[in-house]
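Enquirer: I'd like to ask some things about the structure below.
The values are calculated or read from the model by the stated rules, or taken from the named source; none is laboratory data. Small disclaimer: the values here were computed from a predicted structure and weren't measured. Note: ideal-geometry Cβ built from the backbone for every residue, glycine included; neighbour counts use all protein chains shown. Note: accessible area is taken over every heavy atom of the protein model, side chains too, but ligands, DNA and RNA are not part of it. Shrake-Rupley method; radii C 1.70, N 1.55, O 1.52, S 1.80 Å.
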Amino acid sequence: MATITEAKIIITSPGRNFVTLKITTSDGVTGLGDATLNGRELAVASYLEDHVLPLLTGRDPDRIEDMWQYLYKGAYWRRGPVTMTAIAAVDTALWDIKGKVAGMPVYDLLGGRARDGALVYGHASGGTVPELLDDVARFRDLGYRAIRAQAAVPGSPGSYGVRHGAVYEPAATSLPEEQLWSTEAYLDFAPDCLAAVRERFGFGFHLLHDVHHRLTPTEAGRLGRRLEDLRLFWMEDPSPAELQESFRQIRQATTTPIAVGEVFNSIWDCQQLITERLIDYIRASVVHAGGITHLRRIFNLAELYQVRTGSHGATDLSPVSLSAAVHLDVTVPNFGIQEYMAHAPVTHEVFHTSYELRDGALHPSPAPGLGVEIDEQAAARFPYEPKYLPVSRRTDGSVHDW
Ligand SMILES: [Mg+2]
């Protein structure tokens, strides 16, 4: 029996911060897991270094489900982003190892592909509506079949999702930037802005929009109703989801499809949303929802209720996570879409990937495991830099949801 002989944490910042777990077995096989929690990176690194790595040496890397249960139930303290990201890193690395040992891509370990590639959506944005339209045109020219559209809201400088420069990276400052937000200005602006996209480009592609948790259920219902004729693929994160039953009110107000879940860590965060069909898409991710093992469980539950998948895929997920997501995406029958923001070119100096974007879809490579390797010498050239996500304040100065 092979055993785990080494496990180490690699913290690197090629373009942005990433925390990566590398596990090595007595047979010399290595596996990678993403442990990146944007803005709270070192908490997960410590959780792994101080409390998980001492438990791994000598254990059987084949027993993935047992390892998951051991780390989840064995901690006594359950759930939460730090714990579940740490468990995800171990879980993902063990799937990578199992694939390499078997000589199979992870999608074959999961039952084989149900589709050739995973449809992705890209992020178009603009400081003005004409700039947004130009950016949508750019994504259309690149072959994207699904596009998220965000524009700066006049009168609300803290608009979400607007790119400055080549890459959108909200965790950009060494202390949190405070941004002003006006719900009233946003609700006046968003329907006309999205209508301009449909007027210019028509309905021959999927259009998505992210509200980023900033509305009450009443406001979200009103927005969804105004967007119905634009036939959005989804309205994302219309309202914070701590109160799952609040989504019933949004659902009853509008037929615009609803997606939520990028901040979820476990199946218990979305059990009611799924089983009562209060959403159309579940956006939980490999890295923050307990790895491939637990995310597959969430997706399987969702399948029973005709809820489709739409995993989070911003650049704060490392290429290891993105690859794991695509391997899972191509196997689940209820796949919907995969978010995709291309990583900065410098990120690929550290992470060597093998997935490919073709015809608006990501295709996993048939290489054994997850098909991602890390260049540790390159990683050492990019030391950790403290970076925070912004904080949102209403125009009266009170803190709002960012
Ligand atoms: Mg989002």
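Enquirer: Only residues that are free of Cβ contacts under 8 Å to residues at least 40 places away in the same chain, open to solvent by less than 10 Å² (accessible area, probe 1.4 Å) and of a type in the set (Gly, Ala, Ser): list them for the stretch 235-275, please.
Expert: SER239
Enquirer: Here is a further query. In the stretch 355-402, how many are charged (D, E, K, R), part of a loop (DSSP other than H, G, I, E, B) and within 24 Å of the chain's Cα centre (by Cα)?
Expert: 5
Enquirer: Within the stretch 214-230, is there a residue that is of a type in the set (Asp, Glu), modelled with pLDDT of 95 or more and touching a helix residue (DSSP H, G or I) at 6+ places or on another chain (Cβ under 9 Å)?
Expert: Looking through the stretch 214-230, at least one residue is of a type in the set (Asp, Glu), modelled with pLDDT of 95 or more and touching a helix residue (DSSP H, G or I) at 6+ places or on another chain (Cβ under 9 Å).
Enquirer: Please go through the stretch 315-339 and give me each residue that is within 16 Å of the ligand (Cβ to nearest atom) and within 24 Å of GLY111 (Cα to Cα), ordered by number.
Expert: SER321, LEU322, ALA325, GLY336, ILE337, GLN338, GLU339, listed by residue number.
Enquirer: Within the stretch 222-234, is even one residue among the charged types (D, E, K, R), under 25 Å from the mean Cα position of the chain (by Cα) and either surrounded by fewer than 16 Cβ atoms within 10 Å (Cβ to Cβ) or within 16 Å of the ligand (Cβ to nearest atom) (or both)?
Expert: Yes, the stretch 222-234 contains a residue that is among the charged types (D, E, K, R), under 25 Å from the mean Cα position of the chain (by Cα) and either surrounded by fewer than 16 Cβ atoms within 10 Å (Cβ to Cβ) or within 16 Å of the ligand (Cβ to nearest atom) (or both).
Enquirer: Kindly indicate whether LEU278 is away from the ligand (no atom under 14 Å from the Cβ), farther than 19 Å from TRP234 by Cα and touching a residue at least 12 places away in the same chain (Cβ under 8 Å).
Expert: It is false that LEU278 is away from the ligand (no atom under 14 Å from the Cβ), farther than 19 Å from TRP234 by Cα and touching a residue at least 12 places away in the same chain (Cβ under 8 Å).
Enquirer: Let me ask something else about it. Among the residues of the stretch 229-260, what is the count of those that are closer than 21 Å to PHE201 by Cα and among the hydroxyl-bearing types (Ser, Thr, Tyr)?
Expert: Going through the stretch 229-260 one residue at a time, the tally reaches 1.
Enquirer: Would you mind telling me which numbered condition in (1) touching a helix residue (DSSP H, G or I) at 6+ places or on another chain (Cβ under 6 Å); (2) closer than 19 Å to THR353 by Cα; (3) open to solvent by 30 Å² or more (accessible area, probe 1.4 Å) ALA43 fails?
Expert: (2)
Enquirer: Just to be sure, is SER311 within 16 Å of the ligand (Cβ to nearest atom), within 17 Å of GLY117 (Cα to Cα) and at pLDDT 95 or above?
Expert: Against the criterion (within 16 Å of the ligand (Cβ to nearest atom), within 17 Å of GLY117 (Cα to Cα) and at pLDDT 95 or above), SER311 qualifies.
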